[in-house]
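Enquirer: Here it is, the structure, as structure tokens.
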Amino acid sequence: MMCRTDQAPDPEEEKDVDATDAMFTSLLEDSAEELYEQAPCGYLSTLMDGTIAKINATLLEWLGLERSRVVGRMRFTDLLTVGGKLYHETHFAPLLQMKGEVSGIALDIKTTGKQRMPVLVTSKVKTSEDGAPLLIRTTVFDARDRRAYEAELLRGRRAAEEARRQAEADRVRLQEALAVLQQSLLPAELPAVPGMEAASYYHTASPDLLGGDFYDLFPLDAHRWAFFLGDVCGKGPQAAAVTSLARYTLRAAALHDPDPVNALTTLNTVLHDRYTSGEGRYCTAIFGVVEPHDGHVEVHLASGGHPSALIQRADGSSDYLHTPGGMLIGVLPKATFTAARARLLPGDTLLLYTDGLTEARTGPDRTLYGDEALRTFTTTQPAQGPQALITALTGLLASFGDGLHDDTALLALGPTPLATPGVTT
Amino acid sequence: MSPLTITTRLAATGPVLKIIGDLDYETAPELRKALDSLSMAPGQMLVLDLAGLDFCDSSGISALISARNLAIEQCGDIALAAVPANTLRILGIVGLDQVFTILPDPATATNRDLMTG
């Protein structure tokens, strides 16, 4: 065990110390003058007007100047670059005058070959015993490495800022592209159908993920209009590709054969064949045809795995137009779809929706909203036509807050509502 | 949100995959990966034990159909066992209750095939 005690130093140890001191002295400067001249920094002394009175060899070497050309002939500011001179006049000199010393100021001095050399300058005013300023002593440190390091840091920061700016621009561009794609999956606006009112709403759950809900309304001929609303399984770009395929397939199929079951069968064949290998792509949809007549609208629709349409009646009741057993589209080579018919009178509204609405979670225990709640909600709304119902449902969706976790599409159709008594238009 | 865990065991009747947690857009690829490593003999039944399935969205439904396609490609069959009420309801809406064999529990699947096979 080693321990140190406060005993007198042992004579052997004292001898060692003497030897070390002697060795150091032989290595160290010959004199204070030598230390001044060859110090690892520049030294100079100037009169109060800046005239250089004394300068060391290190600084002369940096400047590439002869002592005889400098002492008594140049001022400190003559050693500085134009920018350095300016900074000296506006900041350095006033500060020195005020405080008697300044330290660590970054300036550039002119060196041989019109090069500039970054330095850190510290100056202190020497005063007489009664406080009158006599001269200025200045040290000049080589700051090339430090300035290079700072420049490197600055370059790094600029590069990082540029990368961030680029990433932000990319993100904005991607978001714009997504918005444009999303819009291409839906009609810009619903067409005007004589004798009918139509309204729609689309809620996007996430601006970063393309949704898979779609709907459309378009003329078949002078008397009939086709409509559909569907939901592709999954989300993101792969789902959006299917959404686009489904939308244009249904449009083309409807023009060829507008029978609802046949239109869905065509879509089933297309999806099944297109995605026959690997990861399949499926969708649910209701496709239908409306035929406005005097005083009513005939509806003929079919569902493939889609939640049943809801009819809000003028008398305040609401009922589902059940289409049980219709199959998810694209799963089987031969699928069955279920058709249904309905007649809409003025004040009646046919509502199609995606399950974002009925699968929403509500309340503190996040219970399923469900189709019965939707039916009840609809009965509590005044039967004032498609636009009024969509407006009410938009409010309902907003009230779900983050309980609404999926994209939700709504499409409502009905005969043009009769003017409400007492209201003139 | 609960993570998805899938455990596979091999019964005499074929592979039984126990699926626990959420089967959704984020996790559905894990089921596909588990399916990729399966091999079935012709005539075997792939059983998906869904008793621990907390949540299944449309991406999850797609993954279940992938499982069915895989079973059929390998000349086998598929059954869903112990399907939670909410998922069963959704399967009903999309008409898949007509496509999948749905059993009360995995034992029914593994025993039944032993008896008939």
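Read-outs: derived from the displayed coordinates by stated rules, not from any lab. Treat the numbers as computed from the prediction; the structure is a model and nothing was measured. Every residue, glycine as well, gets a Cβ built from its backbone with ideal geometry; the counts of neighbours run over all protein chains shown.
Enquirer: Classify the stretch A:30-142 as rounded, prolate or oblate from the Cα gyration tensor: take a ≥ b ≥ c as the square roots of its eigenvalues, call it rounded if a/c is under 1.5, otherwise prolate when a/b beats b/c and oblate if not.
Expert: oblate
Enquirer: Next up: Taking 0.36 nm per residue of separation and subtracting the Cα-Cα distance, what length does fully extending A:PHE218 through A:ASP365 add?
Expert: 48.8 nm
Enquirer: Now for a separate question. At what distance in nm do the modelled label points of A:THR20 and A:GLU129 sit from each other, each positioned 7 Å from its Cα along Cα→Cβ?
Expert: With each label placed 7 Å out from Cα toward Cβ, I get 4.1 nm.
Enquirer: Additional query: Rounded to the nearest 0.05, what FRET efficiency do A:GLU66 and A:ARG155 give with R0 = 30 Å and r taken as the Cβ-Cβ distance? Could you check?
Expert: According to the calculation, E is roughly 0.20.
Enquirer: Which lysines, if any, have their Cα less than 23 Å from the Cα of B:LYS33, not counting same-chain residues under 8 positions apart?
Expert: Result set, ordered by chain and number: A:LYS235, B:LYS18.
Enquirer: Just to confirm a number: summing +1 for Lys and Arg and -1 for Asp and Glu over residues other than A:GLU89 whose beta-carbon lies under 15 angstrom from that of A:GLU89, what do you get?
Expert: Summing Lys and Arg as +1 and Asp and Glu as -1 gives -1.
Enquirer: While we're here: To the nearest 500 deg cm²/dmol, what mean residue ellipticity at 222 nm is calculated for chain A from DSSP H runs of n ≥ 4 alone, each contributing -39,500 (n - 2.57), summed and divided by the residues?
Expert: My calculation for chain A gives -11500 deg cm²/dmol from helical runs alone.
Enquirer: Points 7 angstrom from Cα along the Cβ direction at A:HIS405 and A:ASP257: gap in nanometres?
Expert: With each label point 7 Å from Cα toward Cβ, the separation is 4.1 nm.
Enquirer: A follow-up question, please. If you wrap a convex hull around the alpha carbons of chain A, what volume per residue comes out, as a whole number of Å³?
Expert: Cα convex hull per residue, to the nearest whole number: 435 Å³.
Enquirer: Length gain on complete extension for the stretch A:ARG343 to A:LYS114, per 0.36 nm per residue less the alpha carbon to alpha carbon distance?
Expert: 73.0 nm
Enquirer: Cα gyration tensor of the stretch A:181-272, axes a ≥ b ≥ c as square roots of the eigenvalues: rounded (a/c below 1.5), prolate (a/b > b/c) or oblate?
Expert: oblate
Enquirer: Shifting gears a bit: Shape verdict for the stretch A:187-415, please, from the Cα gyration tensor: rounded (a/c under 1.5), prolate (a/b greater than b/c) or oblate.
Expert: Judged from the Cα gyration tensor, the stretch A:187-415 comes out oblate (a/c at least 1.5, b/c at or above a/b).
Enquirer: Quick one: check the C-alpha center-to-center distance for the stretch A:31-45 versus the stretch A:305-333, whole angstrom.
Expert: 96 Å
Enquirer: Can you list the DSSP H helices in chain A whose Cα atoms extend at least 18 Å along the helix axis and whose mean Kyte-Doolittle hydropathy is 0.5 or higher?
Expert: Those that pass (Cα extent of 18 Å or more, hydropathy at least 0.5) are A:386-400.
Enquirer: Another one. Which residue fluctuates the most in chain A, going by a Gaussian network model with Cα springs under 10 Å, if the choices are A:ARG147, A:ARG69, A:ARG164?
Expert: Among A:ARG147, A:ARG69, A:ARG164, the largest GNM mean-square fluctuation belongs to A:ARG69.
Enquirer: Sticking with this one: Sequence neighbours fewer than 8 away in the same chain don't count; with that in mind, list the lysines whose C-alpha is under 21 Å from A:LYS114.
Expert: Hits, sequence-local ones excluded: A:LYS85.
Enquirer: May I pose another question? What residue among B:ILE72, B:ILE93, B:ILE102 has the largest mean-square fluctuation in a Gaussian network model of chain B, using Cα springs under 10 Å?
Expert: It is B:ILE93.
Enquirer: Under 17 Å Cα to Cα from A:LYS124, which lysines show up? Leave out anything in the same chain fewer than 8 places away.
Expert: Those lysines meeting the cut-off are A:LYS54, A:LYS99.
Enquirer: On to the next question. At 0.36 nm per residue, and after removing the present C-alpha to C-alpha distance, how many nm does the segment from A:THR416 to A:ASP315 gain when stretched out fully?
Expert: The span from A:THR416 to A:ASP315 would gain 34.8 nm if fully extended.
Enquirer: How many Cβ atoms of partner chains, on average, are near each residue of B:84-97 if near means within 10 Å of its Cβ?
Expert: Going residue by residue through B:84-97 and averaging, the value is 5.
Enquirer: What residue among A:GLY131, A:GLY156, A:GLY42 has the largest mean-square fluctuation in a Gaussian network model of chain A, using Cα springs under 10 Å?
Expert: Looking only at A:GLY131, A:GLY156, A:GLY42, the biggest GNM fluctuation is shown by A:GLY131.
Enquirer: While we're here: What does the highest-first list of A:219-226, B:25-32, A:377-384, A:174-181 look like by mean Cβ count within 10 Å?
Expert: B:25-32, A:377-384, A:219-226, A:174-181
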